[in-house]
Every structure is written in C-alpha cells, then in structure tokens.
Amino acid sequence: MKKTPVPCSLQKMDKQSLLCVCVLLLSQVLIFAVAKDLQCAPGFQQKIFYVEQLPEFTEDQLILNVLFDDCQGNEGVVYEISSPDFKVEPDGSLIALRSVIESSRPLFIHAHSAYSDDMAEVKFIGRKDRHSPLKNMLKVPRHLPFLRHRRSIVAPSISVPESQRTPFPKNVGTVVVTDLPPGAKFRLSGKGADQEPRGTFRIEENTGKVQVTRTLDREEIPFYHLQVEVIDESGKTIEGPADLEIAVIDQNDNRPIFRDGPYVGHVLEGSPTGTTVMHMVAFDADDPTTDNAVLRYNILKQVPDKPSPNMFYIDPEKGDIVTVVSPQLLDRETLPSTQYELTIEAKDMAGMDVGLPGTATATIIIDDKNDHPPEFTKKEFLATVNEGVTGVMVNLTVEDQDDPTTGAWRAVYTIINGNPGQSFEIHTNPQTNEGMLSVVKSLDYEITAFHTLLIKVENEDPLIPDVAYGPSSTATVQINLLDVNEGPVFDPDPMTVTMNENIPIGSVLLTVKATDPDKLQHQSIRYSILKDEAGWLYINPLNGTINTTSPLDRESILVQNNTYTALILAIDNGTPPATGTGTFQITLEDVNDNAPSIYPTMARVCEDAKDLNVVTLGASDRDLHLNSDAFKFELGKVAGQDKLWKITTLNNTHAQVSLLHHLKRANYNMPVLVTDSGKPPLTNSTEIRIQVCSCKNRKMDCSSADAPHSSLLLFLVLSISSLLCL
C-alpha cells in the first residue's frame, strides 16, 4: 500500500483537526487490511441483472458486464447462455451476436471452472410505451434518422419423404420475402443447416429455394427446426429470423423386430381350450400413425406337429398365444415332447402382401400337474440289522410318471404304524426319490427281535381332485434284528463317593456293579481300572470293590473342584468279549495337613529411616478356609529379638514388622512363627532376612551390609506389593 503524503496545509491545522485526519487515514488502512483478509466467496457477485428492453439489440452490442470470481484467478472459466442470440466474453461481457428485436425472455448465464459453478439471470424490463396509444408508438425518436419499414418473411412448412434416391440436391420448398432490397441474400441456420447434421439443407441466396442434399431417415430425425433470415451485403440481418419447419415423411423401410426375446411360455397340462400361454409383441420403427407400423401376427410353423399341427393360435392384432387343442390331448405324459417351438411372423402394412415381415421363435413348455400318484415297486420290503447299530438299513423304491423336476414327482415318506418308540426315521433321497429307512435309536434284541413298519408315500404337491392315492402308495417293511454281544453297563454312571483326604491306605471307597444286557447268554464280568492318573486306586476284578493304594490328597493338581475322577472298565466273557466303561468320582473333604507359609522372606530398610515399619508379611495355606486363616503371627524365640523387632497383626492374613529403634548397617535374621486355625493347628517357622542399608540422595547402598546392590526402586516395589496383599 502506497504511503499517503501529508499535504502542506495540514501543517496549518489545529491539533483536533489533525487528529481527525489521522484517524481517518488509519481507518482506511484497517479497512484495506481487513478486506484483504476476508475469505473469497466463489460465484457470481450478483445473481440477477436487470436490463431495459430496447426496440432492438444490434449485432456486437454490449448489453452489460457480469462479475464472476472462482477465487482462483478465473483461469479456464466457461460461460454458457440460454439463447443463441447472445454470448458472454471471457471478461464477463454480455454481447448480442445478431440484431435481436424485443428479446423479452430472461437469459440464464451458467459459469463454471474447476473451482466454482454458479448461475445468474438477466431480466429485461418492458418499455413504458408498449401499451401506449398507437400514435405514441409511431412517433419517431429524435435519435433515429428514419422510421424502419418492416418486411415479412413467408416460410411455409415443408415435407420431405425419407429414403429418397439420388441425384441430390433436390428442391423441396421456397421462402418468400416481400420487397427484397438490392444485394440482400437469404441465410439458413439451425441443426441441419449450419449445425450438425451440417449441410443437410441449404437455401439459394438469391431465390430463397430450399434444397435437401442427402437421403433423410425419419427414424433418426423426424423434424428439422431451422431459421431463415435476410442479410445485407455486409452480413447484417435486415429481416428475420423466421422459423422454417421441415417434416420428414415416413416410408415403409423398417421391418418388424422382436426385441424382447428369448420368448418362453408355460402352460399346465390338461388346460382348457383357449388358455393364454404367452404374449408376443414386435416393434416397427416406422411412423406409428401410418400403416407402415401396423402389425399382424401369424404362426408359420409348429415343431413337433403332433398330436395336431395347430395346437396353438395367435391373435393377429394383440399377439396373444392361446391353446386350441383339447385338454385330453394336452397330456404331458402322452405328448411326443414337453416342449414346442413356434415360428411367429409379424408383418407390417396391416399384414398385406406388400408388408415387410419379421420372425421370432416362441418356446412353449407343457408343465406337469400332479395327476399320477407315486407307487411302491413292492408291497413288502425286508431288512436285517444288528442290535445296537444305527443308520440306513433299507431303501424303498417307488415309481411316478410325473415330471422328475417338480413337486408332483418328489416323494414324501411317512411311518404310519410300528414305530411307537420313535426308533426309526425315513427320509427321501433327492437324487433317486427313494425312501431311506434308518435306525435312529439302538434296538435291543432282548426286548424284541422283529419289527413291522407300515410306510406311506405321497408327493410334495397335492394330487389333482380327480386322482387319489391307492393301495400301491403303502408298503410293509419287515425288520429282522440280529443279537450281538453288548458291553456291560454301569448303573449308576457316574458312580460317586465322598471321603476325607489322607485316609489310611487300603481303605474301601466303593463297590461298583455292572450288568450285562445279554441276559440270555449268562455271561460273567471282570473289572479293571482304565484311568487313574494319580495311581491312588485298586479294584477287585471279581466283585468290583475299590480300595486306596496311596494317600488321597485334596491339594493335588489332579483334583478339580475337590473332585478326583477315574474310569472303570467292565469286560464280559462273550465271543468276542465286550467292554463297558463307567466314571468313578471321589469328592475329597479337606483336613488340616498343610502348614501356612510366609512371604516375603527378605526386606531392606534405611539405617536412618523415619518410618520404622520394615515390611508387611502375608501368609497363605493350601488348605481350605477353616483349616487356614485366621493366621497367628509371632516372633521366634531368639535372645534379644524382642528388643529389636515388633510384629503386629493387621488382619486374618497379614502382619506388620517394625523396628523398635534404628539399627546399624548389617544383615539381620528374624524368625517368625505363623499358625493356622485348623484342628489341631499347624505352625511354620520362617526366617526373615532384613538388610539395614545406607541411603543417600535417594540411593540405597547395601554393600556394607554384605548384601547384593539393589536400587531404591526395588525396595519401593517390594513394599508396595506387600501392602497390596492387605
């Protein structure tokens, strides 16, 4: 910012006036600085512009300037405007491209770049004399040298047939102007003239004759909207523009096309005559208001042509395909094929011989309905199965004439008699439609050696009303059960007993018993230990009595939740021998067989410590609560100890060791007795090693106490860990 020189006259001002000037200059500087720092708002600075409606906007006339800022320098800004009569220059200037008379419609200007996109509107304000009396409207303005003489352009609509043959160009119409000035010329513009498809139409400059230069296609462009104007020798418009409408006359140059294929229809077998199967529709690109696009449908061919060559009919106008064969002949099981191919023809010109044809293939599938019940291939099926075995034992076969891909063929089997214990289940094999009869609960030969089942078969879909399931839809299954040597069974299982730990070796825990399901074979049973991880047990092989071989320890890692688990094996003398397994569980009750222990066993203290509390001791016991805490803490019987140390009980599991007075640097051994609450109680004596160390500058030196060097941090950690156990 340039410095503002102080005028010489300021030197003659009084102090108050000079102060006002300085404040004014300072405020301008501040306003400039603040404005410079404001964030840029991209887009048009003004959204609506108002322009006075002139009688005529001349070519290259500047209308107004629009302000657009994309906040990035406005590089690459593109302006688009809603009227072809105007344009916007890169600097925002709105300019008329040609002479425009009374442009009353608003203009919309779209400006966009890589950084901003916005829209503005230009509105024209009507002239006051628009509704004035005629005499006022005819007054010649002072700034106009003459009153303009209006001429009229006569541009009648033109019709041109499509698909015309050469030669080109061909005259198709004439534009007439009354009182054409000398040297004036006609000019044609719009899509099809000076815009794509460029050059399709042209106009003779001197005569106004309109010509077509190439073959037209109504299906591509049915109408051309052009403008014709009269220009002088300099190219300036002196009359017009006027609209010139050119319509393209349709010719039958497009065949009907079936666009929505493939065409597949379905009809249920036995359907009544006249049942609608499917709808066929073709498309013709010609003019729908003429016969060129009026279609008629016809069936040209049917494959196969049995039992009748005319099984189907198509409505010539609607394209609906219906059945014409009787319901009795429309039997899927007797037809030569379940699929028919029809060649359908659509012809324009309402089906006349001169019409253009188009063809498509319609596939009609005869769908199955459940008019045949499933039937067993045999009235009785036999099966042999070992007792104690589960799984599929026999497959039941059926026949069904319906479509194998439908629910009219798929079978559903049901056991309707002979299965009170729900020992059997039957399921359908989805590939073969067979019934897979399975044993789901082990069968016992000793209860019954024979089973008779009554099986019913139906379809997934219901039968049609006039068809019913007959005697062949049921069958009997005879099951012969074979006896096998079954393993002994423990009862109860698991077998449980509750004992104190540490009972005498050889104590009897329990006598187990297993029974043999094979009651008719009168077999004997022997017992053995299958699993005894601790090695505590022995079982009499003949009578099943279990004794201890070692002390039972509740605190063993093999005991979970006070319970020790072993597995017992029972073996019969059958051929081959069969075995049975039972679970033996011992619930152990606690006795006071573990003395408590003390932690930690070492502590350190500064020789000049203000706090004489040395360490917090904790005790633990592997026994349960009544045989463990509350613990009793005492100093050991050593001469002089009671003059150095003091032990104070804090709670059921912890005690505080304190110095009675400061000690010299050295290692001290202090015996501590801890006693549990068991009956009888157990006592443990633990020697606690205490090091009195030199502490300077927050560093602990225990070397003079003949102890390994350790930092003050370790001492704090030990003390804190002891306190956390409280």
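The values are calculated or read from the model by the stated rules, or taken from the named source; none is laboratory data. Treat the numbers as computed from the prediction; the structure is a model and nothing was measured. Quick reminder, even Gly has a Cβ in these numbers, built from the backbone with ideal geometry, and neighbours come from all protein chains shown. Only protein heavy atoms, including side chains, enter the accessible area calculation; ligands, DNA and RNA are left aside. Shrake-Rupley method; radii C 1.70, N 1.55, O 1.52, S 1.80 Å.
What shape does the chain take by its C-alpha gyration tensor, where a ≥ b ≥ c are the square roots of the eigenvalues and a/c under 1.5 counts as rounded, a/b above b/c as prolate, and the rest as oblate?
It comes out oblate by the Cα gyration axes.
Of the peptides 552-562, 398-408, 668-678, how do they stack up when ordered by the mean number of other Cβ atoms within 10 Å, highest first?
Sorting 552-562, 398-408, 668-678 by mean packing, highest first, produces 668-678, 398-408, 552-562.
What does a probe at T290 reach in region 156-177, counting residues whose amide N is under 14 Å from the point 7 Å along Cα→Cβ?
159-165
Taking only Cα atoms, what is the 0 to 90° angle, nearest 10, from helix 712-724's long axis to the longest principal axis of the chain?
Helix 712-724 and the main axis of the chain meet at about 80 degrees.
Can you work out the FRET efficiency for the pair N697 and A630, with r the C-beta to C-beta distance and R0 = 41 Å, to the nearest 0.05?
On the way: r = 43 Å, r/R0 = 1.04.
E(calc), rounded to 0.05, equals 0.45.
From Cα pairs below 8 angstrom and at least 6 apart in sequence, can you work out the relative contact order of the chain, rounded to a whole percent?
6 percent
Count charges around D367 for me, please; just the other residues with Cβ under 11 Å from its Cβ, Lys/Arg as +1, Asp/Glu as -1.
That works out to -2.
Quick check: Cα centre of region 318-350 to Cα centre of region 353-408, how many Å?
If you average the Cα positions of each part, the centres end up 25 Å apart.
Sort R526, R214 from largest to smallest accessible area, using a 1.4 Å probe on the heavy atoms of the protein chains. Each step should come with its number before you reach the end.
Working: R526 130, R214 95 Å².
So, going from the largest accessible area down, we get R526, R214.
Protein chains only, probe 1.4 Å: how do T581, T323 rank by accessible area, largest first?
Details: T581 75, T323 0 Å².
Order by accessible area, largest first: T581, T323.
How tilted is helix 15-37 with respect to the longest principal axis of the chain? Cα atoms for both, answer in degrees (0 to 90, nearest 10).
The angle comes out at about 80 degrees.
Please compute the modelled spin-label separation between V389 and T207, points set 7 Å along Cα→Cβ, answer in nm with one decimal.
Rounded to a tenth, the inter-label distance reads 10.8 nm.
Could you sort Y527, Y340 by their accessible area in this structure, using a 1.4 Å probe and putting the largest first? Mind showing how you got there, number by number?
Numbers: Y527 20, Y340 0 Å².
Ranking Y527, Y340 by accessible area, largest first, yields Y527, Y340.
Considering only the chain, what is the antiparallel percent among its DSSP beta bridges, to the nearest 5?
Working: 144 of 178 bridges.
Percentage antiparallel, nearest 5: 80.
If r is the Cβ-Cβ distance from V412 to S337 and R0 is 22 Å, what FRET efficiency results, to the nearest 0.05?
Taking R0 as 22 Å, the efficiency between V412 and S337 is 0.15.
Rounded to the nearest 5, what is the percent of antiparallel bridges among the DSSP beta bridges in region 251-365?
85 percent
With a 1.4 Å probe and all protein chains kept in place, how much accessible area does M119 have, in Å² rounded to the nearest 10?
100 Å²
Taking 0.36 nm per residue of sequence separation and subtracting the Cα-Cα distance, how much length would be gained by fully extending the chain between R214 and T583, in nm to one decimal?
122.6 nm
Using protein chains only and a probe of 1.4 angstrom, how many square angstrom of L268 are accessible, to the nearest 10?
Approximately 80 Å² of L268 is accessible to the 1.4 Å probe.
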